[in-house]
Amino acid sequence: MAEKFHFHINDSTSSHLKPPFACSSQLSHVNSEAFDHHYNSGDVVPIYANKAFPYPNLGDDFPFCSQDAKARVDKMLNENHLVLTPYKFEFLEDKQFELLCKKTFSKTYVSKLRSVIEDGYRMLLYHEDMPIWALVGTVDMDHRDKTIKTEYFLYNHYDFEFVYHNDTVIDVIVLVDSSYMVNVTEDVEADVEFTYSVRWFVTQDPYDKRMKTYINYSNVPPHNFAVGYSIANSSFTILILIVCLLIFYIRVLRKDISKYACDVEEAEMADNQEHTGWKNIHGDVFRFPKYKSLFAAAIGSGTQLLVIMIAILILGVTDVCQLYLPRVFMNVLASIYALTCVISGYTSTSFYHQLEGTRWTGNLLLTVGLYLGPLFLTFVVNNTVAVLYGSTTALPSGETVKLSLFWILLALLLFILGAFFGKKKVLDFQAPCRTTKCPKEVPKLHWYRGVLPQMALAGFLPFSVIILQIYDILNAVSGYKIYTSYDSMLIMLFLILIMTALVSVVMTYFQLSAEDHEWWWRSFLCGGSTGLYVFAYSIYYSLHLTEMNDLTQTMFFFGYMACLGYGIFLALGTVGFYASLMFVRYLYASIKCD
């Protein structure tokens, strides 16, 4: 019985690195004839295999047949290391049971194949930068021999169905048939012949519309219900949190505010202070934080990254750019980052001015390097490792210099422009309470009121909101699917922003109630702690759901996942601080201070 796998493919991007402002659906021009998506009758239609990140390698064999040593070197901003497969697909030419190769597998290799089949591994192919998945084998639990618990079968024949329109390939479908399998249950030497068939079918669907049919396809089970359930569950959690905060405000906080908003006897105030310790620190609560240059830089970088997240998701929802193509996504991401540097410069400089900072040069350098520095360092390290290992994931040195100079100069120019306007058009920091000259000593607190326990608690709820989306992103990074759930991710982003703001406000109130007035950094750290959860989950994902087995894979995965977690930390930390600042201003503006 045949089993069908629907593969979706799409237009290739250029064989040369696109400029950072490429955001068009027409990114399919290719200079090399080997990668041109327009074919004449008899032209070879190339299919490539992903040989490295992030799949475990079975050796130098493409599913079990020697690969061509030719590799694509034009995937400048993508981590895939592609090699040409031994399949020979000629445009419009049908084939029946064409011999791919003959292989003799040793006992050790058969055992390895069995573990791969049991884990559900798939070979990952590419046509014009789009992934194609195919099962390596299957596990049979229903067989005649009752003495054997499980049997393992290796597929040794694939039926490829190419769908074309005029001179372009629109779709690729692969069929596997249970009649063509090799039993690899026992550790014995096996002689295997690998074959394939090809058929061509015409369609009237135009080339530029072919992705619409397959945009929601993934190599993991459909989970629309799970996404809907996650959104509903997150919304319900936020609703409960809001209701709890409203009840607390009505029963406790509003009563305290009403007492402090009017003149009361000194004795009455003294009696109430032990219950509401936050009133005692009104002269310190707006005292500027330590390391205010670093704090302003973090706020500026976090604001920029938050804008980038929203912009990417809006572009994904509106389908303005083909973000499902890896290089288009990277080019758009690099472009938006460069353009939004004006936001980072303006926000950081403006806020640093409000904090009465004077070392402008140091603040500018700190803001520029706070996120870009670790990101660039990660890129340099990963690129160096890729060069040492001879991987095509490495950027050529010439391209690296040109790309870096163009991008850095553009980003730096916009950043300086933003900083200029930030310094010229700012207001003084608005504080409803006068700050005393001598700060109060922060009382010694219980361990559970420390920074790390509160960060762990504050980050858990927001992370629970997006864990399913993070799983989808990691699946896309790992090649198991193409990420297209931008609409649900946009909804989840707004939910996590609300959740982060609410949790940060709660944590800040508890801190103020303990008469700890150093809430500035604490609110930022608690808000951003979700990013640490994201990185921790990526470690779990890599250990239990993938088998990366070389240094290049490990460096790329953990390096860029660390940058992702760090970026989320800065963005949500900024949200947590601003939410806490609004709450603190409202709280202390509502009372009468001496």
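The values are calculated or read from the model by the stated rules, or taken from the named source; none is laboratory data. This one's a predicted model, so the numbers in the text were calculated from it and none came from an experiment. Glycine also receives a Cβ, built like all others from the backbone with ideal geometry; neighbour counts cover every protein chain displayed. Side chains included, ligands, DNA and RNA excluded: accessible areas come from the protein's heavy atoms. Shrake-Rupley method; radii C 1.70, N 1.55, O 1.52, S 1.80 Å.
Once the Cβ-Cβ distance of residue 204 and residue 65 is raised to the sixth power relative to R0 = 51 Å, the FRET efficiency obtained is 0.90.
Given axes a ≥ b ≥ c from the Cα gyration tensor, I'd like to know whether the stretch 537-576 is rounded (a/c under 1.5), prolate (a/b larger than b/c) or oblate.
Note, shape of the stretch 537-576 comes out oblate.
For the full complex of protein chains and a 1.4 angstrom probe, list 127, 282 by accessible area with the highest value first. Each step should come with its number before you reach the end.
Values: 127 0, 282 40 Å².
Greatest to least solvent exposure: 282, 127.
Full extension of the chain between residue 193 and residue 590 gives 134.8 nm of extra length, using 0.36 nm per residue less the Cα-Cα distance. Accessible surface comparison of 245, 405, probe 1.4 Å, protein chains only, largest first: the order is 405, 245. Projecting label points 7 angstrom from Cα along Cα→Cβ for residue 409 and residue 40 puts them 4.2 nm apart. At the residue level, residue 94 shows approximately 100 square angstrom of accessible surface with a 1.4 angstrom probe and all protein chains present. Taking square-rooted eigenvalues a ≥ b ≥ c of the alpha carbon gyration tensor, is the stretch 447-593 rounded, prolate or oblate, where a/c under 1.5 means rounded and, failing that, a/b exceeding b/c means prolate? Prolate, because a/c is 1.5 or more and a/b exceeds b/c. Once all protein chains are placed together, residue 150 keeps about 30 Å² accessible to a 1.4 angstrom probe.
Extension gain for residue 445 to residue 237 (0.36 nm times residue separation, less C-alpha to C-alpha distance): 72.0 nm. Taking all protein chains into account, the per residue accessible area for the stretch 447-593 stands at 36 Å² (1.4 Å probe). Which of the residue pairs 107/149; 112/149; 290/440; 279/444 have a Cα-Cα distance greater than 25 Å in the structure shown? Where the Cα-Cα span goes over 25 Å, no listed pair is concerned, since all stay within it.
For residue 247, the solvent-accessible surface computed with a 1.4 Å probe is close to 90 Å², ligands and nucleic acids excluded. The 1.4 Å probe gives accessible areas that order 379, 494, largest first, as 494, 379.
Expressed as a whole percentage, what fraction of the accessible surface of the stretch 447-593 belongs to carbon and sulfur atoms when a 1.4 Å probe is rolled over the protein heavy atoms?
75 percent
Between residue 118 and residue 280, the modelled label-to-label distance comes to 6.3 nm, taking each label 7 Å out from Cα in the direction of the beta carbon. Computed on the stretch 291-429, with alpha-carbon pairs under 8 angstrom and 6+ residues apart, the relative contact order is 39 percent.
Give the calculated FRET efficiency between residue 513 and residue 388 to the nearest 0.05, with a Förster radius of 41 Å applied to their Cβ-Cβ distance.
Once rounded, the FRET efficiency stands at 0.15.
Taking label positions 7 Å along the Cα-Cβ direction at both residue 424 and residue 360, the computed distance is 1.1 nm, reported to one decimal.
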